[in-house]
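Peer 1: There's a structure below that I have some questions on.
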Ligand SMILES: *Cc1c(COP(=O)(O)O)cnc(C)c1O
């Protein structure tokens, strides 16, 4: 099925701008030359600037989906000698737990609910940890954690602080220096509003110092860092998506910087939430990001029925929960090329579906 004429409110892939789409329609260029090295440098500098990375930070670009960013970070930065505290508040936290288990990294599956971990100091198990691993926005349920509080905890306990920021960059604030973050994992298809297939790992000098010699060819960070010095990568990069990233970073700048993009996302999210108040749905968590709204039907309907009806009757794509909350919650993304007028299509469709007049 081609979704061209659908209204897109899924949390990845998200609605892309015309400017970015046009780049995707062009011939992919050859890349082992200085012209492409300049693209890589522009992408690296733009990403480092966006997250306010400390002096001496580096970005690694992998032609892979975001999970490869997560897994490669664990593989390169943690070992049997570590003990990782892994925040697990849903499907993506569980994925980090699986990754640690797969690579035999000692870890605690720190199951959390109904908290943004502003009080991590009191909630965290009192073991001796060496790393704190978290998905800043647990996208499976639309829950945003307190990066500053976790960073203060990580600093106090001397933990390597690894943050998967995939589904909150560009829509919600992240500041590596302010929050003492050592590693940020990003991916192309969420707030960056590019096609899937490019993941980025931003390493502060504190993380670069911890890179190990590992048993992996493709995911070997040392090799990426060496090649990165000349603006290249060891294997074929996601050339077209890198070109789109370069343009997207310039676009964000030209539109007033990342702070402006965050303000826009916040405005759209608040607009949506304010305009569905009379419908039989409630917000699933008090800790929602600007990136997404997660709703629970309050009239006994299955969330899947709402998702299916919006798609079939209104050509509006929202997203169910991929796990056990499938019947209980559905998710609406505010990431990407969003306007109030575009969001009105969804608001109107929901009112029509519920037979409630919009006021
Ligand atoms: C989307 C997402 C990922 C990446 O998933 P992929 O399907 O591998 O791209 C990782 N973490 C979070 C929090 C996400 O939302």
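Taken together, the values in this text are just the output of simple stated rules run on the coordinates, not laboratory data. The structure displayed is predicted, hence computed values, not measured ones. As a convention, Cβ positions derive from the backbone with ideal geometry for all residues, glycine included, and neighbour counts pool all protein chains shown.
Peer 1: Looking at segment 182-204, is at least one residue farther than 22 Å from residue 320 by Cα, more than 20 Å from the chain's Cα centre (by Cα) and away from the ligand (no atom under 15 Å from the Cβ)?
Peer 2: no
Peer 1: Hand me the list of strands (runs of 3 or more DSSP E) wholly inside segment 35-143 holding 2 or more residues that are away from the ligand (no atom under 16 Å from the Cβ), free of Cβ contacts under 8 Å to residues at least 40 places away in the same chain and surrounded by fewer than 17 Cβ atoms within 10 Å (Cβ to Cβ).
Peer 2: Result: 107-111.
Peer 1: Follow-up. Are any residues in segment 259-296 touching a strand residue (DSSP E or B) at 6+ places or on another chain (Cβ under 7 Å) and outside any strand (DSSP E or B), and if so, which ones?
Peer 2: 269, 272, 273, 280, 284, 285, 287, 288, 289, 291
Peer 1: Continuing with the same structure: Could you say whether any residue in segment 300-311 is surrounded by fewer than 17 Cβ atoms within 10 Å (Cβ to Cβ) and over 23 Å from residue 6 (Cα atoms)?
Peer 2: Scanning segment 300-311 turns up at least one residue that is surrounded by fewer than 17 Cβ atoms within 10 Å (Cβ to Cβ) and over 23 Å from residue 6 (Cα atoms).
Peer 1: Among the residues of segment 144-153, is any in contact with a helix residue (DSSP H, G or I) (Cβ under 9 Å, 6 or more places away or on another chain), in a loop (DSSP other than H, G, I, E, B) and surrounded by fewer than 24 Cβ atoms within 10 Å (Cβ to Cβ)?
Peer 2: Within segment 144-153, one or more residues are in contact with a helix residue (DSSP H, G or I) (Cβ under 9 Å, 6 or more places away or on another chain), in a loop (DSSP other than H, G, I, E, B) and surrounded by fewer than 24 Cβ atoms within 10 Å (Cβ to Cβ).
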